[in-house]
Amino acid sequence: MLPSLDAAPRGSETILLMDTDPETRKLAAFMLGKQGYTVLEARNRADAIAVFDRLAGEIDLLLLEAKGRGRQLAEELKQKHPYMPVLFLSCESARRADSGIEPGLPSLTKPFTMREIAGKVREVLDARVKKAMTAGGAFLS
């Protein structure tokens, strides 16, 4: 028996998704949208910066590809909003050291299932709330 869509964690937060692969981007946006998230899609770095600059106060999570300039983009956007959580999408199934993602940074390997992407997004967002509570609320932007 296949799990229902309800088996995957849900949310209502807003996610800025940047992946240069249109199939991955559309699939991730569809999956997360089905789980209640608002997904702002960006085709490339320039699109992501434009969306972020326009709507930064409404964005709860950056979901960025790890390859190319995804890591550089995360660093640049976090200069504007240091506490913005980031989740990286990696097409590498090898060890993390080979994926271009530093150990300890949240990541998800492509391909992913609905449950995997929704679960990881929820985990990263919940970690942000937990950090905010332990920091006396100073974490929230």
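Laboratory data are not the source of any read-out in this text; all were calculated from the coordinates shown. Quick caveat: nothing in here was measured; it's all calculated off a predicted structure. Here the Cβ is made from the backbone with ideal geometry for all residues, glycine too, and neighbour counts use every protein chain on show.
Under the criterion of Cα pairs below 8 Å and six or more residues apart, the relative contact order for segment 1-84 equals 33 percent. Charging the Cβ of each Asp and Glu at -1 and of each Lys and Arg at +1, and nothing else, the dipole of segment 11-134 about its Cα centre rounds to 160 debye.
In the structure displayed, which of Lys34/Lys110; Lys26/Lys78; Lys34/Lys67; Lys80/Lys110 lie more than 21 Å apart, Cα to Cα?
Numbers: Lys34/Lys110 19 Å; Lys26/Lys78 24 Å; Lys34/Lys67 26 Å; Lys80/Lys110 28 Å.
In this structure, Lys26/Lys78; Lys34/Lys67; Lys80/Lys110 lie more than 21 Å apart at Cα.
For Leu87, the residues 5 or more places off, or on other chains, whose built amide H falls under 5 Å of its own are Leu62, Leu63, Leu64.
Less than 5 angstrom separates the built amide H of Val39 from those of Ile15, all sequence-distant by 5 or more or on a different chain.
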